[in-house]
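Chemist: Quick one: structure below, then a few questions.
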Amino acid sequence: MKHLKLFESFEDIDSICKKYGIANYTINPDNTVDVNGDVDLSSQGLTKLPLKFGKVTGDFYCNNNQLITLEGSPTEVVGYFNCNNNKLITLEGGPREVGGNFYCYNNKLTTLEGGPIKVGGGFNCYSEILKDANPIYSVYKLFPDHKSYMDSLDYSYLRGTDIVRSRFKEALEEIGKKIPEKILGYNYI
């Protein structure tokens, strides 16, 4: 697995961009990197992103790595954002706005907290391939209108892999559903 330290100078940033084939970029005064086009860091064995990105006008791919954090992700992605097939337990550090689809399936997510505020396309956190991936999907799929779920969820009933039963029951009753006896990957408290 590759673990890259964050850059320290303009030359470091330039070197990392070249190494990963990142073109049409601008290094900002705060050392974030804006990219006019796509960024593809998929399948590189990364545990952390090698740069701190600002705005990416195309798609951003960091899927099929060993990422344990999204720290360094762009704050805004005009196209798709794909971080599926990593080891993420949270979406903290990820983009705040994504114009296209947001893919985060097959991770270890127990919450969607820290996820994007705005997603223009679909939000995909399902876990069909790996049995133990993304326990949060067991909660997410209970809500028929996923967009409303993402817009209004306050996460007050989630505590890691524990669910505060009384708060969860209230959230489900608001949409006319009964609380399930068991939620895969979680314990009621």
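The values are calculated or read from the model by the stated rules, or taken from the named source; none is laboratory data. If you're wondering where the values come from, they're calculated on a predicted model, not measured in any experiment. Here Cβ is always computed from backbone atoms with ideal geometry, including for glycine, and neighbour counts include all displayed protein chains.
Chemist: Restricting attention to helices (runs of 4 or more DSSP H) lying wholly within the range 71-189, give those where 1 or more residues are within 17 Å of the chain's Cα centre (by Cα) and at pLDDT below 85.
Modeler: On the way: elements: 136-140, 146-152, 165-173.
The helices (runs of 4 or more DSSP H) meeting that bar are 136-140, 146-152.
Chemist: Restricting attention to the range 40-63, which residues are among the polar types (S, T, N, Q) and either touching a Gly at 6+ places or on another chain (Cβ under 9 Å) or touching a residue at least 60 places away in the same chain (Cβ under 8 Å) (or both)? Lay out the reasoning, then the answer.
Modeler: Our first condition is that a residue be among the polar types (S, T, N, Q); within the range 40-63, this holds for 42-44, 47, 57, 63.
Correct list: Thr57 only.
Chemist: Same structure, new question: If a residue must be surrounded by fewer than 17 Cβ atoms within 10 Å (Cβ to Cβ), modelled with pLDDT of 95 or more and in contact with a Ser or Thr (Cβ under 7 Å, 6 or more places away or on another chain), how many such residues does the range 3-59 contain?
Modeler: 2
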